[in-house]
Amino acid sequence: MLGQLLLAASRSGVVRRSVSGFPLTKRVVRRFVAGESVQEARAAIERLRDANLAVTVDHLGEETLDAKAAEETAAAYVTLLRAVEPLDLGTRGEVSVKLSAVGQRLDEAMALEHAREICAAAASNGSTVTLDMEDHTTVDSTLSILRKLREDHPSTGVAIQAYLFRSEQDCRDLAAEGSRVRLVKGAYREPASVAHQAKAEVDKAYVRCLRILMEGKGYPMVATHDDRMIAITELLADRFGRTLGDHEFQMLYGIRTDRQEALAGAGHTVRVYVPYGDDWYGYFMRRLAERPANVAFFLRALGGK
Ligand code: FDA
């Protein structure tokens, strides 16, 4: 219930203005967001690299209907990729892109063009791009843009949300050689007509999708903090003869850092999703919605504890 309210608030302009304006909010946000500037993002990336963790970096921003804002977001990614080039991360340093932030709702062709610019900048670093998945109305468009991007940049990846009824079929379609698929449970508020609502159903759907990807020929990116899903991944890897280098785990910046380091220490590739930038509101609210304990943490910090 609280989670649903927070997801509704994540889309409310009024709540956004009051929460963002609160002076102490920033301190709390820093648990989940690496910073506002490219320099702060770069410093966080270096710390993670030194802890043997790979990264996927997200320039924070949500849906825009403004062509100039879309262009600025694409330019911000190019600037970021240039700034981290000297770190020589190769495929251990990719970026994550929300197509709605580069104009998907305004003009799909424009979003494709911007995504191509970002893919080209990533390729010049020896790196790549993964497309985040947003609400269910964007899935067909995102998969269509993915197909076009992969013609020139075959390693471009995509997130698939297990809670959507359609996702098992999408996993089947994507479980081919060279295909990078990040499997997530799903973070948006979706209607019962398109998505599982109960957590137990979402978890079962996650396992079904995971099985399809692990049995397939692609490169599964298992994005979860859930120990049961991690254990099932290891069992499936064993069953389908997968080795440490042909799949990876992913977790969010600031969440279960100890687990991230332990998995990396055991030889797994662990990639941390690193968000940075000043448009952190929607991302931050989705993290609160996932875990009521985070709301208590937020309130305690606002109270100065
Ligand atoms: P679940 O929510 O069941 O949590 C399992 C356990 O993990 C919890 O019991 C708790 O211990 C810990 N945990 C989970 N969330 C936490 C939090 N916020 N704070 C503290 N502890 C927490 N979604 C989407 O719709 N589109 C996308 O593109 C992406 N991309 C993405 C990338 C990466 C790398 C990750 C890890 C996740 C996403 N997500 C996403 C978010 C995803 O859909 C989902 O909402 C979260 O990962 C939470 O689900 P879990 O699988 O962690 O399980």
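The values are calculated or read from the model by the stated rules, or taken from the named source; none is laboratory data. Just so you know, these numbers come straight off a predicted model, no measurement behind them. Ideal geometry is used to build each Cβ from the backbone, glycine not excepted, and the neighbour counts take in all protein chains shown.
Summary of values
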| quantity | calculated |
| --- | --- |
| Residue list for the range 75-100, restricted to those being crowded, with 23+ Cβ neighbours inside 10 Å, of a type outside the set (Asp, Glu) and either in contact with an Asp or Glu (Cβ under 6 Å, 6 or more places away or on another chain) or part of a strand (DSSP E or B) (or both) | Gly93, Val95, Val97, Lys98, Ser100 |
| Residue check for Ala123: surrounded by fewer than 24 Cβ atoms within 10 Å (Cβ to Cβ) and modelled with pLDDT of 95 or more | yes |
| All positions within the range 45-74 that are surrounded by 21 or more Cβ atoms within 10 Å (Cβ to Cβ) and assigned to a helix (DSSP H, G or I) | Ile45, Leu48, Ala70, Thr73, Ala74 |
| Hits in the range 191-210 (condition: hydroxyl-bearing (Ser, Thr, Tyr) and away from the ligand (no atom under 16 Å from the Cβ)) | Ser193 |
| Number of the condition not met by Tyr188 [criteria: (1) at pLDDT 95 or above; (2) within 16 Å of the chain's Cα centre (by Cα)] | (1) |
| Failed item in (1) touching a residue at least 12 places away in the same chain (Cβ under 8 Å); (2) closer than 19 Å to Glu40 by Cα, with Ser100 passing the rest | (2) |
| Residue among Leu143, Leu183, Leu164 that alone is under 21 Å from Arg291 (Cα atoms), out of contact with any Leu (no Cβ under 7 Å at 6 or more places or on another chain), without any contact (Cβ under 8 Å) to a residue 60 or more places away in the chain and hydrophobic (A, V, I, L, M, F, W, C) | Leu164 |
| Selected residue (criterion: surrounded by the most Cβ atoms within 10 Å (Cβ to Cβ)) from residues of the range 166-190 that are outside any helix (DSSP H, G or I), more than 15 Å from the ligand (Cβ to nearest atom) and not hydroxyl-bearing (Ser, Thr, Tyr) | Ala175 |
| Residue within the range 148-160 that is within 12 Å of the ligand (Cβ to nearest atom), of a type in the set (Asp, Glu) and more than 19 Å from Met251 (Cα to Cα) present | no |
| Spans of helices (runs of 4 or more DSSP H) in the range 211-291 with at least 1 residues more than 10 Å from the ligand (Cβ to nearest atom), in contact (Cβ under 8 Å) with a residue 12 or more places away in the chain and under 19 Å from Met133 (Cβ atoms) | 281-290 |
